[in-house]
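Input: a single structure, listed below in structure tokens.
What follows draws every value from the coordinates through simple rules; no lab data is involved. All figures in this text were calculated on a predicted structure; none of them were measured in a lab. Cβ sites come from the backbone with ideal geometry, for glycine too, and all protein chains shown count toward neighbours.
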Amino acid sequence: MSVEEYLRELGRRLSVGPVRRRRILRELEAHLLDATAEEERGGRSRQDAERRATERLGSVDDLAARFGARRRSRTTRRLVAISVGVSVAATAAFALPMVLVDSGESHAVSRVARIVCGGENAKQTCVDAVERSCDADSPGTQATIWTPGGPTPAHAWCRKVLRG
Amino acid sequence: MSREELKGHLDLIVLACLAERELHGYALIEELRLGSRGAFDLPEGTVYPALHRLERAGLLASRWSSTAGRRRRMYRLTSKGRSALEERRRAWRAFSAGVDLVLGET
């Protein structure tokens, strides 16, 4: 199986949210390209090298199952997080910039995380924070950034990253 | 050590590999293989879910890094991860010492 085919199949079978799926696929693409390069240095053709690299990673089904295996127990924990999140959001909304992650399934605020978007690496800091916040969420989850003064420049590009 | 046995200790091994420096998944797998002189030849697909799980547990933190035009997710221990590593190291050494005593080795 080629690297492209492997990643396409894995993407189809992962039962995780879109942000987490994108992160997993990016991370494993880098892994597979490293492994392919290593196999090529060992004298294999590109095609053989890609086949070996994907075999080393294991079957798509096994890998997808390992990434999705904890979803049920996490769902229970998220229900608790929804209650806590709503309370914290109501208290802190007027004081600090924050990220509210809205579940596409329930349309309820499910998680709250404070986020600092200033400084030299403002964009990456914000993207990383949103990705971390969304990692545990379910399919269809989208994130929106709110600040006390309404949408900010960060709002626009974070939405773009998450959806793009 | 068989792959199944190794999986039971995967968290400890991963945390230990990241104790001294930040690594991406591929480098971590190489580190495991070379550091154990081939004894830890894990199925590579087991490492990434473990990294994600340890990060969700707050034991690791990660960030994207670009090198030579390729983006890689770099992992490092958090302070909570460092404490967990020390605790698991102590537990492993106690277990290992006990097994050695039973086997009659010093």
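What stretch of chain B, leaving out the sites themselves, is the longest with no GluC sites (Glu not before Pro) in a DSSP loop having at most 10 other Cβ atoms within 10 Å?
Working: sites that count: B:GLU20, B:GLU105.
Looking at chain B, B:21-104 is the longest stretch - no exposed GluC sites (Glu not before Pro) with at most 10 other Cβ atoms within 10 Å.
Taking the Cα centre of chain B as origin and charging only Cβ (+1 Lys, Arg; -1 Asp, Glu), how large is the dipole, in debye to the nearest 20? Could you put the intermediate results ahead of the total?
Values: 19 positive and 14 negative charges, 125 e Å.
Here chain B has a charge dipole of around 600 debye.
Quick one: Karplus J couplings for the range A:40-49, per residue in order, coefficients 6.51, -1.76, 1.60, θ = phi - 60°, nearest Hz, x for Gly and Pro?
Going residue by residue, I get 5, 5, x, x, 7, 6, 4, 5, 5, 4 Hz, with x marking Gly and Pro.
Whole number please: convex hull volume per residue, Cα atoms of chain B, in Å³.
Numbers: hull volume 11.9 nm³, N = 106.
In chain B, the Cα hull volume divided by residue count equals 112 Å³.
Could you work out the mean count of beta carbons from other protein chains within 10 Å of each residue's beta carbon in B:41-48? Provide the component values of the computation, followed by the final result.
Details: counts 0, 1, 7, 10, 14, 5, 3, 8.
Other-chain Cβ atoms within 10 Å of each residue's Cβ, averaged: 6.
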